[in-house]
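> Pasting a structure here, questions to come.
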Amino acid sequence: ILNVEQSPQSLHVQEGDSTNFTCSFPSSNFYALHWYRWETAKSPEALFVMTLNGDEKKKGRISATLNTKEGYSYLYIKGSQPEDSATYLCAFSNNAGNMLTFGGGTRLMVKP
Amino acid sequence: ETGVTQTPRHLVMGMTNKKSLKCEQHLGHNAMYWYKQSAKKPLELMFVYNFKEQTENNSVPSRFSPECPNSSHLFLHLHTLQPEDSALYLCASSRSSGAANTGELFFGEGSRLTVL
């Protein structure tokens, strides 16, 4: 059983604040680390797929970093907006197949 | 619109009923998945199909029976479920497996199942 942990479980921030949260995963046999954004009553949508140690990816105000040697990834949101409110999921795979193990998610609520 | 459509969106069934969940993808993908989201638990993989062949059954009880007639359609047949099976069932698709596949998943919006 692969252990993928996300922290914190939930987070309340004020509009305009920058925030970050963590995903930790097994550091052996790494293949890929995914981040998904899941808004209430919608489907999870992929934000990033990261495969290389030291990778840093950015999409608008959201960015992510990856450290495969120590087994963690950070997701950063700069200048949070109410529309950023969602659950952010990370998922890890350790082979080239289709099996992703998901973390429990970080639920972000941005207050106007 | 993610290109993955699930029906029904909500389903209430008794423990003796037989029902099915349906998933359809219009993305030309060859891999399809069923995931289960129970309250306060991470997404759990149930089944994986690649090119219509089941490649993963994650120790799922036999009261859940998947069917993949072609690469675009995936069903989950439900029979004699228990109240603890109440959950959100998510379907997803991706390009086929292989060394070049990063495995990005495209999800449907889920079918919310309540078992009475």
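> For chain A, modelled as a GNM with alpha-carbon contacts under 10 angstrom, which of A:Gly60, A:Gly79, A:Gly71 fluctuates the most?
Per the Cα network of chain A with a 10 Å cutoff, A:Gly60 tops the list.
> Let me see the P(r) profile for the range A:31-73: every Cα-Cα distance counted, bins of 5 Å, each bin given as a percent of all pairs.
Result returned by the calculation: 6, 23, 28, 20, 14, 7, 3, 0.
> If you don't mind, another one. Of the accessible area of the range A:40-107, with the probe set at 1.4 angstrom, what percent is carbon plus sulfur?
Values: 1430 of 3050 Å².
Carbon plus sulfur share of accessible area: 47 percent.
> From the phi of every residue in the range A:54-65, what ³J(HN,Hα) in whole Hz does the Karplus formula 6.51 cos²θ - 1.76 cosθ + 1.60 yield, where θ is phi - 60° and glycine or proline is x?
These are the phi-based 3J(HN,Hα) values: x, 4, 9, 10, 9, 9, x, 8, 9, 9, 9, 10 Hz.
> Related question: For the range B:70-99, list whatever residues lose no less than 50 Å² of accessible surface once every protein chain is in place, relative to that chain by itself, with the probe at 1.4 Å.
none
> Also, quick follow-up: At 1.4 Å probe size, with no ligands or nucleic acids counted, give the accessible surface of B:Lys19 in Å², nearest ten.
90 Å²
> Ignoring ligands, DNA and RNA, what accessible area per residue does the range B:54-116 give at 1.4 Å, in Å²? Before the final figure, lay out the partial values.
Values: 2730 Å² over 63 residues.
Heavy-atom SASA per residue in the range B:54-116 reads 43 Å².
> Two-decimal Rg/Rh of the range B:18-103 from alpha-carbon positions, Kirkwood Rh?
On the way: Rg = 12.9 Å, Rh = 13.3 Å.
Here Rg/Rh amounts to 0.97.
> Further, regarding this structure: Could you check how many percent of all C-alpha pairs in chain A are farther apart than 24 Å? Write out the running numbers ahead of the final one.
Details: 1210 of 6216 pairs.
Every Cα pair in chain A considered, those over 24 Å come to 19 percent.
> Before we go on, tell me the buried accessible area for the A/B pair, both chains summed, 1.4 Å probe, in Å² to the nearest 100. Walk me through the intermediate numbers first.
Numbers: alone 6300 and 6370 Å², together 10950 Å².
The summed interface area works out to 1700 Å².
> How much accessible area per residue does chain A have, in Å², with a 1.4 Å probe? Let's see the in-between values first.
Working: 5380 Å² over 112 residues.
Averaged over the residues of chain A, the accessible area is 48 Å².
> Ok, one more. Suppose the chain between B:His77 and B:Thr102 were pulled fully straight at 0.36 nm per residue; how much longer would it get relative to their current alpha carbon spacing? Write out the running numbers ahead of the final one.
Values: separation 25, 0.36 × 25 = 9.00 nm, distance 2.91 nm.
Roughly 6.1 nm would be gained on extension.
> What is the spin-label model distance, in nm, from A:Ala41 to A:Ser27 if the labels are put 7 Å beyond Cα along the C-beta direction?
About 4.4 nm, to one decimal.
The values are calculated or read from the model by the stated rules, or taken from the named source; none is laboratory data. The model shown is predicted, which means the values in this text are computed figures rather than measured ones. With ideal geometry, Cβ positions are generated from the backbone for all residues, glycine too; neighbour counts draw on all protein chains shown. SASA here: full protein model, heavy atoms, side chains in, ligands and nucleic acids out. Shrake-Rupley method; radii C 1.70, N 1.55, O 1.52, S 1.80 Å.
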